[in-house]
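A short worksheet on the structure shown next.
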């Protein structure tokens with residue numbers, strides 16, 4: 001077994017503001033092995049996207065990585081020079097964004113945007129780069145790639161644009177792809193196709209994939225492991241089947257309960273009360289306690305991420321027992 | 001594209017036609033050319049005789065029609081003052097004005113876009129703040145004052161640059177131009193700075209505002225995520241997006257510069273159309289005023305057409321076909 005593709009240790013990403021420091025990512029540690037798909041789940045503001053951007057070194061100022069290590073194939077890239085990061089970005093670590101309507105530059109043709117990506121990392125001729133681009137488009141299921149290369153983004157549908165973005169990410173056969181909710185803006189059928197293709201690509205090429213989403217049902221069928229984030233911290237992590245079938249953290253359980261389909265028709269979906277806390281000047285203790293039905297005095301101290309079974313960690317003083325959910329519990 | 005151009009040309013023809021009526025009626029109303037043309041000692045009979053020979057005894061609509069028939073053939077009548085065809089007078093002076101306005105505009109863009117881009121991308125640095133403060137100054141200082149100060153400083157105090165005239169010109173493609181001689185450059189630089197300063201300030205502010213907007217776009221972040229270097233992210237991805245609004249504004253401002261270079265031309269005795277217009281208005285030289293206004297309208301229409309075409313080159317989402 002070689003070193004994991006990515007190993008994040010105690011990552012802290014802070015945004016200084018006038019009112020105080022926003023700890024968007026607060027001590028997050030995880031690993032992704034070669035060919036593994038990690039589903040990173042959380043609400044808006046949980047820090048999941050910031051985690052992704054931290055790995056790429058693309059945090060908008062004044063935000064910055066305040067602590068921790070990001071080991072990419074053993075190299076700590078939080079200390080890498082801007083030049084070294086540029087070499088890694090797009091070549092070894094690629095990213096796919098949420099909104100395909102916004103990720104392609106509207107005034108540049110697809111071929112320009114793909115060829116420049118090839119040539120940013122390798123000295124190849126325009127002709128060779130174009131051939132690579134066409135090949136990448138074909139690999140993500142775009143028919144007539146030569147013609148599509150001559151299009152402008154606005155001439156393509158949303159699904160098509162996201163395929164172009166994915167093809168662009170795949171140009172250099174990266175070791176790691178960070179996908180930030182790439183299917184949320186798409187039709188369900190297109191979403192299914194893209195999920196299937198991404199999974200296949202990772203299996204075939206050994207690329208590690210971090211799939212960031214707020215939608216548990218998407219990662220349930222895609223990921224090998226799930227990591228649930230809440231207010232900048234990991235609250236539960238484990239193999240996908242374990243976390244979905246036997247969630248231990250009340251928050252994870254709430255997320256699963258709010259997915260349609262688990263309940264009889266017409267029954268009201270479960271809703272987690274309250275909202276994600278603001279990340280400024282957080283009080284000590286468990287960050288979920290104000291929304292949690294199981295909270296007590298013990299929850300005023302921050303629980304550690306404890307391993308309940310191999311690979312299954314929970315940050316909770318009162319985890320549910322390791323038994324499957326019954327429908328009545330889901331509704332509770 | 002062709003349909004678009006033809007449609008625009010038809011619109012332009014309409015604009016020019018309406019314009020010609022307005023100009024003609026307006027000029028007709030503001031004074032009697034006989035008062036200037038005929039000496040005060042002339043008898044009433046002489047006056048009528050001259051009025052008849054010039055067609056001034058005819059009703060307005062007939063005069064307008066006569067004017068129009070001649071105008072479409074390029075004949076706007078002879079200048080009362082110079083006794084030469086008025087269109088010829090204007091065309092003779094047009095290169096000087098165009099040259100000045102274009103130089104001013106190019107200077108404004110070449111200086112304004114990089115400064116504005118810098119101020120937008122590094123908006124918290126001292127340099128960016130200094131640029132913005134400077135642009136406020138460039139905006140608010142009156143044109144004539146800037147011109148006079150430049151003359152005081154560079155012509156009077158240091159004696160580096162001449163204060164008036166066009167200097168040496170060379171004929172390029174049958175047009176007398178001064179930007180191709182060193183001496184001509186010396187002459188054009190002060191009036192061009194005077195004319196272009198406020199436009200440069202405008203472009204700085206516009207470039208900064210759009211750059212700040214564009215740099216937050218996902219596609220800029222994606223360009224970085226692809227591993228492109230900053231030179232390419234800024235020089236291609238950001239620059240091409242901010243050039244769309246800048247082209248529009250520059251085009252409109254160029255039209256305004258050509259039409260209203262009057263003050264600068266007067267201060268620097270630049271022998272352009274603007275100075276001719278002022279002189280003609282003072283002397284009630286109708287044919288020249290009318291011809292000037294028509295020429296300016298044609299120029300503005302042409303500039304707008306070019307801007308629209310450039311727009312579609314810069315932004316592929318703009319379709320020149322127009323109506324569906």
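Please order B:65, B:158 by the number of other Cβ within 10 Å, starting at the fewest. Each step should come with its number before you reach the end.
Values: B:65 12, B:158 9.
Result, fewest neighbours first: B:158, B:65.
First measure r as the distance between the Cβ atoms of residue B:65 and residue B:279, then evaluate 1/(1 + (r/R0)^6) with R0 = 35 Å and state the FRET efficiency to the nearest 0.05. Present the calculation step by step, with values, prior to reporting the outcome.
Numbers: r = 29 Å, r/R0 = 0.81.
Approximately 0.75, to the nearest 0.05.
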C-alpha long axis of helix B:126-140 to longest principal axis of chain B, angle in °: 10 degrees
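Hey, what number do you get for the protein assembly as shown at 222 nm if only DSSP H runs of n ≥ 4 count, each worth -39500 (n - 2.57), divided across all residues, to the nearest 500?
Numbers: 25 runs with 329 residues, N = 656.
Helix contribution divided over all residues of the protein assembly as shown: -16000 deg cm²/dmol.
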With a 10 Å Cβ neighbour count serving as the proxy for reagent exposure, in which order, fewest first, do B:148, A:195 appear? B:148, A:195
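Expected output is a single nm value to one decimal: the length gained when fully extending between residue B:181 and residue B:155, i.e. 0.36 nm times separation in residues minus the C-alpha distance. What is it? Walk me through the numbers on the way to the answer.
Details: separation 26, 0.36 × 26 = 9.36 nm, distance 1.90 nm.
Length difference between fully extended and current span is 7.5 nm.
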Applying 1/(1 + (r/R0)^6) with R0 = 30 Å to the Cβ-Cβ distance of residue A:184 and residue A:64, what FRET efficiency is obtained, to the nearest 0.05? 0.65
Mean projected area, convex hull of alpha-carbon positions in segment B:208-310, reported to one decimal in nm², is 8.8 nm²
Using a 10 Å cut-off around each Cβ, can you sort B:52, A:315 from fewest to most neighbouring Cβ atoms? B:52, A:315
With Kirkwood's inverse mean 1/r over C-alpha pairs for Rh, give me the Rg to Rh ratio of chain A, two decimals please. 0.99
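For segment B:98-281, compute Rg over Rh where Rg is the Cα radius of gyration and Rh is the Kirkwood radius from the inverse mean 1/r over Cα pairs.
On the way: Rg = 18.8 Å, Rh = 17.8 Å.
With Rg and the Kirkwood Rh in hand, the quotient comes to 1.06.
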Over segment B:139-184, relative contact order from alpha-carbon pairs under 8 Å, at least 6 apart, %: 22 percent
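Please work out the FRET efficiency for the pair residue B:102 and residue A:275, using the Cβ-Cβ distance as r and a Förster radius of 56 Å; give the result to the nearest 0.05.
Numbers: r = 58 Å, r/R0 = 1.04.
Once the sixth-power term is evaluated, E becomes 0.45.
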Could you work out how far helix B:182-214 tilts from the main Cα principal axis of chain B, as a 0 to 90 degree angle to the nearest 10? 50 degrees
Any idea what the relative contact order of segment B:19-113 is, in percent, if you count C-alpha pairs under 8 Å spaced at least 6 apart? 13 percent
Average Cα contact separation per residue, segment B:163-235, under 8 Å, 6 or more apart, as relative contact order %: 17 percent
Quick one: Debye curve from the alpha-carbon atoms of chain B only, equal weights, vacuum; give me log10 I(q)/I(0) at q = 0.15 Å⁻¹ to two decimals. -1.26
Given points 7 Å out from each Cα along the Cα-Cβ axis, report the residue B:252 to residue A:203 separation in nanometres with one decimal. 5.8 nm
Any idea how far apart residue A:296 and residue A:29 come out in nm if each label point goes 7 Å out from Cα toward Cβ? 2.9 nm
Cα-based Rg and Dmax for the protein assembly as shown, in Å, come out at 35.1, 121
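Over the residues of segment B:151-259, compute the C-alpha Rg and express it relative to 2.2 N^0.38 Å.
On the way: Rg = 19.8 Å, N = 109, 2.2 N^0.38 = 13.1 Å.
Scaled against compact globular proteins, the figure is 1.51.
Contour minus end-to-end for residue B:312 and residue B:140, with contour as 0.36 nm per residue of separation and end-to-end as the Cα-Cα distance?
58.6 nm
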If you line up the long axis of helix B:273-282 against the longest principal axis of chain B, both from Cα atoms, how many degrees apart are they, to the nearest 10? 40 degrees
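Every number in this text was worked out from the coordinates using simple rules, so none of it is lab data. Note that the structure is a prediction, hence the values are computed from the model and not measured. Cβ coordinates were reconstructed from backbone atoms using ideal geometry, including for glycine residues, and neighbour counts include every protein chain displayed.
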